[in-house]
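A short reminder: the numbers here are calculations on the coordinates, not readings from a lab. Everything numeric in this text was worked out from a predicted model, so none of it was measured. Here the Cβ positions follow ideal geometry from the backbone for every residue, glycine too, while neighbour counts run over all protein chains shown.
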Amino acid sequence: MVERLVRQLSQTTWFALNGDASVGKTHLAVLLAQALGTCRAWVSLDSRHTYDQESTQLDRALRRLLVQPVADPRSHWYEEVISTLGDGSLLVLDDLPLLAGDDSLSQRLLLLVRTCEKYGVKLLTTSPYPLPLRGPDINSPIDSAKGERAVRQP
């Protein structure tokens, strides 16, 4: 299964694992990161928190990856972080909270995925909730409530 998911991950920018609590999403993300061997950053979030709290946590974690502090707008320092990770690298965001699609964290994730695409970085996320976001570069391969399946979201 890991080999198949690695192939799917290589075909998309954002790979989302979602399913019920304690089904092994984080463990699977670890296995994928090990199989790829290119994980440059792992950000642990908390799905029990609000998206505003997790937006702050995401920004804080990404800022720690900067070589030098940047006072520029978020889009510029996200670019600095992602370009530093390098082409072909993997960024993991573990345990995303419930997203509304128009909330602060969803907006950051969309900015992040666009930046990842620009620099050839793969984004792997886990969450107990399905993504409300849609796009050509978002692949959600597993929905544990319905069993294993591969879905390319429109």
On Cα atoms only, tilt of 25-36 relative to the major axis of the chain in degrees: 70
Given charges at Cβ of Lys, Arg, Asp, Glu: the chain dipole, positive-most of Leu58, Gly37, Val113: Gly37
Fraction of antiparallel bridges per DSSP, the chain only, in percent to nearest 5: 15
Extended-chain gain in nm, criterion 0.36 nm per residue less alpha-carbon gap, Lys118 and Val30: 29.2 nm
Value of [θ]222 nm, deg cm²/dmol, for the chain, DSSP H segments ≥ 4, -39500 (n - 2.57) each, nearest 500: -13000 deg cm²/dmol
Stretch gain in nm, segment Thr50-Gln107, where the contour uses 0.36 nm per residue and the Cα spacing is subtracted: 19.1 nm
Residue exposure sequence - Ser10, Ser106 - by fewest surrounding Cβ within 10 Å: Ser10, Ser106
In degrees, nearest ten, helix 74-85 long axis to first principal axis of the chain (Cα): 70
Degrees, to the nearest 10: 51-64 long Cα axis against longest axis of the chain: 60
Net charge contributed by nearby residues that have their C-beta within less than 9 Å of Leu90 (K/R +1, D/E -1): +2
